[in-house]
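Engineer: Okay, here's the structure, questions in a sec.
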Amino acid sequence: MTESTNTPVIVLRGLKKHFGVGDAEQYALDGVDLTINKGEFVTIMGPSGSGKTTLLNVLGLLDTSIEGDYQLEGRAVNTLSKRQLARIRSRQIGFVFQSFNLINRLTVIENVALPLTYKGGLSHIKRLKKASEMLATFHLNEREYFLPYQLSGGQTQRVAIARALVNNPSIILADEPTGNLDSRASHIIMEELSDLHQRGNTIIMVTHNPDLTTYASRVITMLDGKIASDTDSLLGQPSVEFKRPLAMVVRPSTDNQAANSQTKPVVTTLSKVDRRKLKVAVRKRQQIAKNRAPARHAEEYHQ
Amino acid sequence: MSRFLLSSHLQNARHSLRSNRSRTLLTILGIAIGVASITTIMSLGDGASQVVAQQISNLGGNLAIVRPGPSRTNFLTDITVPQGQNYATSTLTDSDVAAISALPHVKEIAPISVINSTITGQHSAPAGTPIVSTTPALSSVDGLQLDVGQFLDSNISQNTAVVGSNLARIIFGTTDALGQTAYIRGYNFTIIGVLKPLNQPINYNNIDFDNAIIIGQDIGRQLSNGSAQIQQINIRSDSAANLTSVVSSINKTLSAQHFGDKDFTVLANSDISQPTSELFYAVVGVTTSIAAISLFVGGIGIMNIMLVSVAERTREIGIRKAIGAHTTDIVWQFLIESLALSLSGGFLGYIAGYGLAFMISTALPFYPSFNWQIAAVSFGLSVLIGTIFGLYPAVRAARKDPIEALRYYS
Ligand SMILES: Nc1ncnc2c1ncn2[C@@H]1O[C@H](COP(=O)(O)OP(=O)(O)O)[C@@H](O)[C@H]1O
Ligand SMILES: [Mg+2]
């Protein structure tokens, strides 16, 4: 596994984002301080409405009407022009959403080639070739000329990840990419993401599923627009031994099917999982993923 | 916008128009009708001009004509103010004719007046048959040829007339009508000549000589109680090379005669071939209104469909922005789509317009003409409509907030 370096790619200081004016004014992000280094795999958890999506939109430069400081790879975002922002979105950031990721009218391969179109400089043929190569790494080359509605949920998300990657972005932002998937499909997606993580990408993923946090190198919990807990702040101090359970409050979420089945707040703990153990677990999963990869895809075709 | 992005937008437009064939077809109908009517009228109008141009070039390139009324400078007055014989009172006089004939390099001159009255031979002529009152010079100025007999002559009786071959057949039952008598307003005219069939219903005189009767100027004036107006003066210079100088000296002389009023138009060669008939301008007027209305309605249709399409693709716009599309990329995407709509409408209209023109031309003595101007007008109008009515939806699409667009679950 590639170690996360100490090069910060994202630095947030006192970040605030409000919607509405006057009495209706409400802070979706209410003072977020966060540093994410290159190569980290961060999952963001927290109840519905706690500001996770808003945070991803800010990080992905879709939302620039913010208060506070945001430095992306050393550049203050509020100094960038709209065109520069679009350029960064095109070249440095890959987005994966919970659902409706793909453009329905376009085939799988056209969807994957789309970011290359906006990056420019490649002919249609070359774009398709590159998209095809990308799809092949996701074992989707036989689905190239399918339309999105002809894919399963898991396949759709893998196409979305392929599209997010086609421009070789350094940062992947995924907003509940497994939110609509069953647990098996979720794990396939997570294995793809941890693969990317291994190859040195910075991944920031929102999820409601506590099981999936084991793939990550860092878990952040949000509550009411603030960061409620961050494993990094505890794990970052080498002297601290993880004897104490690290409680993470996960309220039932209205926009997550899995969480809906539970009526009471769930408390998951990372109690016995110290830093080393977490790493071991992640490595183990990756090993499993690697061994399982060919069989898994063969299975999927028959679905 | 890069070359690659353009081709991608084009492909996208083709794709989205194809996926909604019937909607696309209905949307482009307005543009198609508008462009079709313009193509029809322009190709037929130009076909008619070419017929006249051919006649004039056959005459040897030394013909100039003077018509009453100021020259037309723009298309709108062109189609609303008819020229020539339609003037209630002509601004041209006998002294103008005299002044022009005195100019150097003027070889021949023939003023033309047209009188409307009933003509009777053994049978009556159809209503509206023109009685052309002119001078003997007309025969050589216009290159009129006789089948039998002779043309007007100032040395013989004024009670003589020359008839067109078709009119002769109608009122005398034969083209060999020499010596027959025609009656106009109580005056008797002996037929001294019958013209060779010209088969030129369209010509720069706006007179179909095959169906006309030609009489002398003096008797014409008598029989119309002096109300016969000079509707046109035809002039031949002594050579084609001198035509330009003749035109400018006619302009100078007539300006002086009319105390500086530019209430006449001097035309030479190809300018003469512009269509002038009232019917033509009426048709142009009607067609232009139809075209304008259809194009406007078509434009509204495009705007409507594009707005629907923008709303339908809200989520798509959000995704495109998230993966790196700039505002202008989105504007172009939708603008090119509306241009594709209007251009396919224009293309369809252009084809249909020619189809219609050829159908109409089976009843006309000429064919519609092909030229780049008509294609350019069709293309230009389509681009104009596509841009004007596509811009607002495109800008609306581009202005969509990506966050709102991504919250939109279609
Ligand atoms: N476009 C918006 N307009 C108004 N309020 C919004 C908008 N987007 C998000 N919010 C509010 O901001 C808060 C955080 O939303 P969001 O980031 O979507 O939460 P999460 O993704 O954690 O469920 C919520 O209270 C939500 O109602
Ligand atoms: Mg959310």
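The values are calculated or read from the model by the stated rules, or taken from the named source; none is laboratory data. This structure is a prediction, so every number in the text was calculated from the model and none was measured. As a convention, Cβ positions derive from the backbone with ideal geometry for all residues, glycine included, and neighbour counts pool all protein chains shown. Remember, those area values only see protein heavy atoms, side chains included, never the ligands or the DNA or RNA. Shrake-Rupley method; radii C 1.70, N 1.55, O 1.52, S 1.80 Å.
Engineer: Condition first: under 24 Å from B:Arg21 (Cβ atoms), acidic (Asp, Glu), within 14 Å of chain A (Cβ to nearest Cβ) and in contact with a Leu (Cβ under 8 Å, 6 or more places away or on another chain). Can you find one or more residues in region B:319-337 that meet it?
Structural biologist: yes
Engineer: Further question on the same structure: How many residues does region A:156-175 hold that are more than 12 Å from every other protein chain (Cβ to nearest Cβ) and open to solvent by 10 Å² or more (accessible area, probe 1.4 Å)?
Structural biologist: Adding up the residues that qualify gives 3.
Engineer: So B:Thr327 clears everything in (1) open to solvent by 40 Å² or more (accessible area, probe 1.4 Å); (2) free of Cβ contacts under 8 Å to residues at least 40 places away in the same chain; (3) in contact with a Lys or Arg (Cβ under 7 Å, 6 or more places away or on another chain) except one condition, right? Which one?
Structural biologist: Result: B:Thr327 passes all but (2).
Engineer: Which numbered condition in (1) away from chain B (no Cβ under 14 Å); (2) more than 16 Å from ligand 1 (Cβ to nearest atom) is the only one that A:Thr207 fails?
Structural biologist: (2)
Residues checked against (1) within 9 Å of another protein chain (Cβ to nearest Cβ); (2) open to solvent by 70 Å² or more (accessible area, probe 1.4 Å); (3) of a type in the set (D, E, K, R):
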position: A:Thr53; (1), (2), (3): yes, no, no
position: A:Val58; (1), (2), (3): no, no, no
position: A:Gly68; (1), (2), (3): no, no, no
position: A:Gln84; (1), (2), (3): no, yes, no
position: A:Arg105; (1), (2), (3): yes, no, yes
position: A:Leu135; (1), (2), (3): no, no, no
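Engineer: I'm trying to understand the selection: among the residues of region A:107-128, which are more than 8 Å from chain B (Cβ to nearest Cβ) and farther than 13 Å from A:Arg163 by Cα?
Structural biologist: A:Ile125, A:Lys126
Engineer: Okay, moving on. Looking only at region A:70-82, filter to residues that are more than 9 Å from chain B (Cβ to nearest Cβ) and part of a helix (DSSP H, G or I); which one of those is surrounded by the most Cβ atoms within 10 Å (Cβ to Cβ)?
Structural biologist: That would be A:Val77.
Engineer: So which residues in region A:193-234 are touching an Asp or Glu at 6+ places or on another chain (Cβ under 7 Å) and open to solvent by less than 20 Å² (accessible area, probe 1.4 Å), if there are any at all?
Structural biologist: Of everything in region A:193-234, those that are touching an Asp or Glu at 6+ places or on another chain (Cβ under 7 Å) and open to solvent by less than 20 Å² (accessible area, probe 1.4 Å) turn out to be A:Thr202, A:Val206, A:Thr207, A:His208, A:Arg218, A:Ile220, A:Gly225.
Engineer: Condition test on B:Phe264, is it closer than 16 Å to B:Ile385 by Cβ and among the aromatic types (Phe, Trp, Tyr)?
Structural biologist: So B:Phe264 does not fit the description; no.
Engineer: Another question, if that's okay. Looking for something assigned by TED's automatic domain parsing to the domain that holds B:Ile300, in contact (Cβ under 8 Å) with a residue 60 or more places away in the chain and open to solvent by 60 Å² or more (accessible area, probe 1.4 Å) - is there at least one such residue anywhere in region B:375-387?
Structural biologist: No: region B:375-387 contains no residue that is assigned by TED's automatic domain parsing to the domain that holds B:Ile300, in contact (Cβ under 8 Å) with a residue 60 or more places away in the chain and open to solvent by 60 Å² or more (accessible area, probe 1.4 Å).
Engineer: Among the residues that make up region A:21-28, is at least one of them within 14 Å of ligand 1 (Cβ to nearest atom) and in a loop (DSSP other than H, G, I, E, B)?
Structural biologist: Applying the first criterion (within 14 Å of ligand 1 (Cβ to nearest atom)) to region A:21-28 yields A:21-28.
If we keep only those that are in a loop (DSSP other than H, G, I, E, B) as well, we get A:21, A:25.
So far as region A:21-28 goes, yes, one or more of its residues are within 14 Å of ligand 1 (Cβ to nearest atom) and in a loop (DSSP other than H, G, I, E, B).
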